[in-house]
């Protein structure tokens, strides 16, 4: 079977779906690996690096896709790329299927079996395939560094001959993988850190990193979703949550928002009036900007200023740490793919919760329930 690694064409997407190490793993599992020329350049991997591990290099996309059995990408394939793919091939990338419906239709029309790394179940067995976590970890780290570079104040406490500088106050909204890494990074930089999350069980993790956990009292399981994700909360909870966040945000120098429900619009946590209550010189880094943002004023992919408060809606922080982001993502992909490959052939066991969970199209049908529902609502 032939696995193809395509060069990314999305603006500022510097990652690649396979590294020389994962190419070796794929070849060892019985696959032939083709890499589009230049696919690794943005991650500082040369064509020669791939040749050295016995990958075949193709400079023409039509040629590389001819006879392909499995296509690997980071971002979703374009219409032009999908048109060149063989019918009934398998496809794997990071894609939000409930939001990229035209992309899903194009794959489905060609009976391509589509897998999204966004849909990998959060189970113990699938941990090494969890691309959302590996990339969110990077985003949490980089968001603090970028936020610190925007700030007009120091992050740590400083005792100087000219006086004492108090530490910056950092508020992290959402204590998932990105939020916990942001907490750890901000603490390493010497900031005073607080964190909020709708899931009360993350309190222990937050406090173990040295941050203060902001609690909103609740009598039920508001915000606790399946598989470790957060979910939508009740209106009463949202009102109490907003009051609590407003109180703490007014004192913060840097706010990093990470609240993102996969495939859904990002929950609004910071309305305009909260931004206007922040101190001039404060900064908001909105890691949910790709799904609309947790801040009402966030502009996707833009850095703006409102009443002296900077709001950074930069997309795709992992692509700015592309060497390690590619290394981790490529390992996630190769682990998932080699899990399905038996004796050089793709074994699609639909009773396997990892395989069926990550699959969204198969044999001309949309197999992912929420994606199918979204298509039906169009």
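The values are calculated or read from the model by the stated rules, or taken from the named source; none is laboratory data. Model, not experiment: these values are computed from the prediction. Here Cβ is always computed from backbone atoms with ideal geometry, including for glycine, and neighbour counts include all displayed protein chains.
Numerical summary
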{"quantity": "Extreme residue, nearest to residue 181 (Cα to Cα), among residues of the range 304-322 that are touching a residue at least 60 places away in the same chain (Cβ under 8 Å) and not in a helix (DSSP H, G or I)", "calculated": "316"}
{"quantity": "Selection count, the range 9-34, where residues are part of a loop (DSSP other than H, G, I, E, B), surrounded by fewer than 24 Cβ atoms within 10 Å (Cβ to Cβ) and in contact (Cβ under 8 Å) with a residue 40 or more places away in the chain", "calculated": "8"}
{"quantity": "Spans of strands (runs of 3 or more DSSP E) in the range 161-216 with at least 3 residues within 26 Å of residue 237 (Cα to Cα)", "calculated": "169-173, 192-196, 212-214"}
{"quantity": "Test result for residue 128, out of contact with any strand residue (DSSP E or B) (no Cβ under 7 Å at 6 or more places or on another chain), part of a helix (DSSP H, G or I) and under 21 Å from residue 347 (Cβ atoms)", "calculated": "yes"}
{"quantity": "Residue check, residue 187 surrounded by fewer than 21 Cβ atoms within 10 Å (Cβ to Cβ), touching a helix residue (DSSP H, G or I) at 6+ places or on another chain (Cβ under 8 Å) and either modelled with pLDDT of 95 or more or outside the structural domain of residue 74 (by TED's automatic domain parsing) (or both)", "calculated": "no"}
{"quantity": "Qualifying residue in the range 35-42 (condition: in contact with a helix residue (DSSP H, G or I) (Cβ under 7 Å, 6 or more places away or on another chain), in a strand (DSSP E or B) and without any contact (Cβ under 8 Å) to a residue 60 or more places away in the chain)", "calculated": "yes"}
{"quantity": "Condition check for residue 372: assigned to a helix (DSSP H, G or I), without any contact (Cβ under 8 Å) to a residue 60 or more places away in the chain, farther than 30 Å from residue 169 by Cβ and assigned by TED's automatic domain parsing to the domain that holds residue 101", "calculated": "yes"}
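To keep it simple, each residue is scored yes or no on (1) surrounded by 18 or more Cβ atoms within 10 Å (Cβ to Cβ); (2) at pLDDT 95 or above; (3) under 14 Å from the mean Cα position of the chain (by Cα).
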| position | (1), (2), (3) |
| --- | --- |
| 247 | no, no, no |
| 254 | yes, yes, no |
| 266 | yes, no, yes |
| 275 | yes, yes, no |
| 278 | yes, yes, no |
| 288 | yes, yes, yes |
| 291 | yes, no, yes |
| 295 | yes, yes, no |
| 300 | no, yes, no |
